Amino acid sequence: MGQEVSVSYQAVKSRVYRLIDSLVEGAKTEQEIQESMQRWWKLVHPADRPMAKKYLMTVLEKSNATLGAITNGMGDFKEFSSIHEPDSDRVAKMRAAAGHQIGAM
């Protein structure tokens, strides 16, 4: 295997946040994000994958919790009262897909 990547918690968190930012800014599509993560996973040394998976799942869980808290908190403001809650089925599918993709890695 050629180049390998760092799997420290900070490195994984930084990677995830950069990908989130690229999607928010429109620089990447969801498909490109998935491909980027697949390329990253291939660069993780097999012996480091359990720790990389643990860190990745932790970052994704905390990110999801943060987005949920923001969404729920915005409903308390009058200006945002017309914003509907996210489709719980879609959120569940996104979480399941993230878990499935990581489990398949």
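Rundown of residues vs (1) over 15 Å from Ile20 (Cα atoms); (2) at pLDDT below 95; (3) of a type outside the set (S, T, N, Q), yes/no style:
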site: Met37; (1), (2), (3): no, no, yes
site: Met51; (1), (2), (3): yes, no, yes
site: Lys54; (1), (2), (3): yes, no, yes
site: Val59; (1), (2), (3): no, no, yes
site: Leu67; (1), (2), (3): no, yes, yes
site: Asn72; (1), (2), (3): yes, yes, no
site: Asp76; (1), (2), (3): yes, yes, yes
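Among the residues in the range 20-27, are any more than 11 Å from the chain's Cα centre (by Cα) and at positive phi? Scanning the range 20-27, I find at least one residue that is more than 11 Å from the chain's Cα centre (by Cα) and at positive phi, so the answer is yes.
Considering the conditions (1) surrounded by 11 or more Cβ atoms within 10 Å (Cβ to Cβ); (2) at pLDDT 95 or above, Gln101 is excluded by exactly one of them, (2).
The values are calculated or read from the model by the stated rules, or taken from the named source; none is laboratory data. From a predicted model like this one, the values you see are computed outputs, not experimental measurements. Cβ sites come from the backbone with ideal geometry, for glycine too, and all protein chains shown count toward neighbours.
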